[in-house]
1. How many of the residues making up segment 33-86 are within 19 Å of A106 (Cα to Cα) and of a type in the set (V, I, T)?
2. Name the residues in segment 116-139 that are open to solvent by 100 Å² or more (accessible area, probe 1.4 Å) and part of a helix (DSSP H, G or I), would you?
3. Could you please find all residues in segment 27-74 being touching a residue at least 40 places away in the same chain (Cβ under 8 Å) and among the β-branched types (V, I, T)?
4. Can you tell me how many residues in segment 75-119 are of a type outside the set (G, A, S) and touching a residue at least 40 places away in the same chain (Cβ under 8 Å)?
5. Just to be sure I understand the filter: pairs with C-beta atoms under 9 Å, separated by 6 or more residues or on different chains, first member in segment 1-23 and surrounded by fewer than 11 Cβ atoms within 10 Å (Cβ to Cβ), second member part of a loop (DSSP other than H, G, I, E, B). Which pairs pass?
6. Considering only residues of segment 55-113 that are under 25 Å from V123 (Cβ atoms) and polar (S, T, N, Q), which is modelled with the lowest pLDDT?
Amino acid sequence: VAIEEKVLPEINDDLAKKIGYKDLVDLKSKIEAQMLELQETYSKRELENSLVEQIIKDSKFEMSKRMVEKEANFLLQDLKAQCSRNGVDWESFKSDENNKEIFEKANEAAVKRISIDLILSSVIREEKISTSQEELDVEV
């Protein structure tokens, strides 16, 4: 039995140059900038999520049980397709005890998605927001 030890390269200017940076200072500054950008993105997403949660909490709307079931089924079909793309057997995934919570929360996720759609539709209607075909073509 052989014991292997992973030998990591020394972190210095030579390593930085090998991976495409001027020097170690340049590498560190790029890493720091990326970390700050990730933190900013994460913070923005957290704020957006908390705002959406508050709007949903403060909003009152009715949705049929059938609408929720349909959206939950859509979410689960999407998950099934993801499993297939990643080579994961759907039946094994469904029967795995670690994934039980995903299926239990499907209706909750469906209610949230429907709520967001209803809120956005209402805002679009109230604010008379529209888009031209040209704007759609640019985005697509």
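The values are calculated or read from the model by the stated rules, or taken from the named source; none is laboratory data. Quick caveat: nothing in here was measured; it's all calculated off a predicted structure. Cβ sites come from the backbone with ideal geometry, for glycine too, and all protein chains shown count toward neighbours. For accessibility, only protein heavy atoms count, side chains too; no ligands or nucleic acids. Shrake-Rupley method; radii C 1.70, N 1.55, O 1.52, S 1.80 Å.
1. Matching residues across segment 33-86 total 3.
2. R125, E126, Q133, E134, V138, E139, listed by residue number.
3. Within segment 27-74, V52, I55, I56, V68 meet the criteria.
4. First pass over segment 75-119, keeping only residues of a type outside the set (G, A, S): 75-80, 82-83, 85-86, 88-91, 93-94, 96-105, 107-108, 111-114, 116-119.
Restricting the remaining residues to those that are touching a residue at least 40 places away in the same chain (Cβ under 8 Å) gives 111-114, 116, 118-119.
So the count comes out to 7.
5. From segment 1-23, the pairs are K18/P9.
6. This residue is S59.
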